[in-house]
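One structure is given below, encoded as structure tokens.
Every number here is computed from the coordinates shown, using simple stated rules; none is lab data. Bear in mind the structure is a predicted one, so any value in this text is a computation, not a measurement. Cβ sites come from the backbone with ideal geometry, for glycine too, and all protein chains shown count toward neighbours.
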Amino acid sequence: MKGYDVFSQRVDIGFGLFLTKREIHERFNALLRGMILRAISGDEASATTLQEVHRLLRGDLYVDPPPGVARVIRSYHLMLNLSLVVQPTNGNTPAVINAPIELNEAWGVGLSDVYGWAKQHWKRGNTLRSLTIRVFL
């Protein structure tokens, strides 16, 4: 089947709902982004949920994920860890994914590896997304 797109395949997600794998991927990404933003803003429930998602993704649930899925999981895991050692340059900006960031050494206590990666790859004007990409690559 030349040109077949596995992401356009419809999947029954229950309750009579059918989504393509691409739609599931996009919704999951949006959900994770929202949880990360709320956790960064201090929402304890979101932080706890992210920790549970982290445990599920690192557990035996996905013994050997496909390479693309593994890269996405590792990049979100890295972004979550980096979010713990950065803060918005502008204190009024709650979201650091697309806003300029700066390193916060005080938040890096106990996360010396993550803080070291961030410090090594940080450049003026970085966002959390761009810093994650720089560290990941």
Subject >> Per-residue Cβ neighbour rank within 10 angstrom, fewest leading, Val86, Val109, Val114 >> reply: Val109, Val114, Val86
**OP:** Would you pull out the residues with amide H under 5 Å of Glu102's amide H, same chain only if 5 or more places away, H placed 1.01 Å from N?
**Re:** Gln87, Thr89
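Hey, fewest Cβ within 10 Å first, where do Val85, Val53 land in order?
Details: Val85 24, Val53 17.
Result, fewest neighbours first: Val53, Val85.
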Subject >> Ranking of Thr48, Thr89, Thr132 by count of other Cβ atoms within 10 Å, fewest first >> reply: Thr48, Thr89, Thr132
